[in-house]
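A short write-up of the structure that comes next.
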Amino acid sequence: MSVGEPRWKTTIIGLMEAALVITIAFSVATAFNEWHRFLELFSHFRLQYFVVSLLLTVAFGILKWRGYVIAGIAVTVFNGWFIVPWYLPNGSEADSSDVTVVLSNVLASNGNAERFLSFVEETQPELLIMQEATPDWIQQIDSLDSSYPYKVTEPRDDPFGIALYSKFPLDVTAVNASYPLDFPEIVARAIIADQRLNIISTHPIPPIGQTNYGSRNLQLDAVAKLAARTPEPLMLIGDLNITMWANHYDRLVETSGLQNARQGFGIKPTWPLFMPFAMIPIDHCMVSDDITVTSFRTGPNIGSDHLPIVVTLSLSPTT
């Protein structure tokens, strides 16, 4: 920094230096998020760390500050290790027999279903999963019954109501009391041509505070074990209140044997809409190896704090 620079310029450069140091610290520390729930909380912002470190590297490159550029490149590459694989093509192609699935956390306090119904009308999914489904919501969307003759609903007045609407017959349906808080969890099997698609939908509590953090982890562990003993093809779908960079997410994948449908389609953050710069991917669709994902995208704002996800699946033909 040269002598005589304007105070505003000195302040901006000082903030940039501090931002780089903080980004490096959080990027590295959150890689060890199994050590403490606070580290996991900040691990969810891996995409933000990547973007910030990239922008700072470019800025310091313009200033020709070699040391900061090297540090910026290092932390950008470090964060890119967690980010870039989600964007690598998976080689899947759309098929005329694909099944479209929508997951939407509609927000219990969102009293107007019009935007949601318009979105469903436009998307025309064969399978529709709702979370935070209240009795009022179920009443507001009763017009869907003609298009979705098969359904499983367990509405509640809190944020843990759940519903499944299907254009396919359901030959198995159950609503489990998930461990440990007894939130409803849908288990169903849809008959799709000559295939049977097993479906599990769950919604753990947000991990705010030590007690809720522990409860969420126990529910994820329980649903992972349920998935591991459920016949394939299998889809696990829901607002799981965790991102792909958390240690407990890795445990979910390892125990269940499922893979995230996002793979090859990008990060696709879904929450919170009221803080766009801080959005993270906590709504997930996970599938067994015999299911091919041909598209994954987020839907429009339907008045919730979550964006819906729209997933297109292709089931392997039976032999």
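Values quoted throughout were computed directly from the atomic coordinates according to the rules given, and no laboratory measurement underlies them. This is a predicted model, so every value here is computed, not measured. Don't worry about glycine lacking a Cβ; one is built from the backbone with ideal geometry, like all the others, and counts go over all protein chains shown.
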>> What are the ³J(HN,Hα) couplings of segment 306-314, residue after residue, when phi is run through the Karplus curve with 6.51, -1.76, 1.60 and θ = phi - 60°? Round to Hz, x for glycine and proline.
In response: 10, 8, x, 10, 10, 10, 10, 10, 10
> Among His36, Ile73, Gly14, whose Cα sits farthest toward the positive end of the charge dipole of segment 1-124 (+1 at Cβ of Lys/Arg, -1 at Cβ of Asp/Glu, about the Cα centre)?
Replying inline: Gly14
>> How would segment 218-319 be classified by its alpha-carbon gyration tensor: rounded, prolate or oblate, with rounded meaning a/c under 1.5 and the a/b versus b/c comparison settling the rest?
In response: oblate
> What list do you get for Arg7, Arg37 if you sort them by fewest beta carbons within 10 Å?
Replying inline: Arg7, Arg37
> Under 19 Å Cα-Cα from Lys151, which lysines qualify once same-chain neighbours fewer than 8 residues away are excluded?
Replying inline: Lys167
> Using the alpha-carbon centroid of each, what span in Å lies between segment 265-319 and segment 114-178?
Replying inline: 17 Å
> What is the calculated FRET efficiency for Gln259 to Leu63, with r their C-beta to C-beta distance and R₀ = 35 Å, to the nearest 0.05?
Replying inline: 0.25
> Restricting attention to segment 230-319, which chymotrypsin sites (Phe, Trp or Tyr not before Pro) occupy a DSSP loop and are surrounded by at most 16 other Cβ atoms within 10 Å?
Replying inline: Phe274
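Excluding Ala163 itself, what net charge comes from residues whose Cβ is under 9 Å from its Cβ, given Lys and Arg +1 and Asp and Glu -1?
Within the 9 Å Cβ shell, the charges total 0.
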> How much FRET efficiency would the formula 1/(1 + (r/R0)^6) give for His36 and Ala228, where r is the Cβ-Cβ distance and R0 is 22 Å, rounded to 0.05?
Replying inline: 0.20
> With no solvent and one point per C-alpha, what does the Debye sum give as log10 I(q)/I(0) for the chain at q = 0.11, 0.12 Å⁻¹?
Replying inline: -0.72, -0.83
> What percent does the relative contact order of the chain come to when contacts are Cα pairs within less than 8 Å and at least six residues apart?
Replying inline: 18 percent
>> Restricting to DSSP H runs of at least four residues, report the calculated mean residue ellipticity at 222 nm for the chain, -39500 (n - 2.57) per run over all residues, nearest 500 deg cm²/dmol.
In response: -11000 deg cm²/dmol
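Quick one: net charge of Ser146's neighbours, Cβ under 14 Å, K/R +1, D/E -1? It would help to have the intermediate numbers written out before the result.
Numbers: positive: Lys151, Lys167; negative: Glu121, Asp142, Asp145.
Overall, the nearby charge balance is -1.
Hydropathy at least -1.0 by Kyte-Doolittle, axial extent at least 18 angstrom from the Cα trace: which helices of the chain, defined as entire DSSP H runs, fit? Before the final figure, lay out each step's value.
On the way: long enough: 7-29 (33 Å, 1.30); 46-63 (26 Å, 1.79); 66-83 (25 Å, 1.29); 210-228 (27 Å, -0.33).
The answer, listed by residue number, is 7-29, 46-63, 66-83, 210-228.
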> At Ala74 and Asp182, where each label point lies 7 Å from the Cα along Cα→Cβ, what is the point-to-point distance in nanometres?
Replying inline: 5.3 nm
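Return an integer: the convex hull volume of the alpha-carbon atoms of segment 7-87, in Å³ per residue.
Numbers: hull volume 7.5 nm³, N = 81.
It comes to 93 Å³ per residue, whole-number rounded.
Give me the dipole magnitude in Debye, nearest 20, for the chain about the Cα centre, with unit charges on the beta carbon: positive for Lys and Arg, negative for Asp and Glu. Kindly include the intermediate steps, with their values, before the conclusion.
Working: 19 positive and 31 negative charges, 269 e Å.
That gives the chain a dipole magnitude of about 1300 debye.
Let me know the shape class of segment 130-177, please: from the alpha-carbon gyration tensor, a ≥ b ≥ c as square roots of the eigenvalues, rounded when a/c is under 1.5, otherwise prolate if a/b is greater than b/c, or oblate. Don't skip to the answer; put the middle values down first.
Numbers: a/c = 3.03, a/b = 1.23, b/c = 2.46.
Cα axes put segment 130-177 in the oblate bin.
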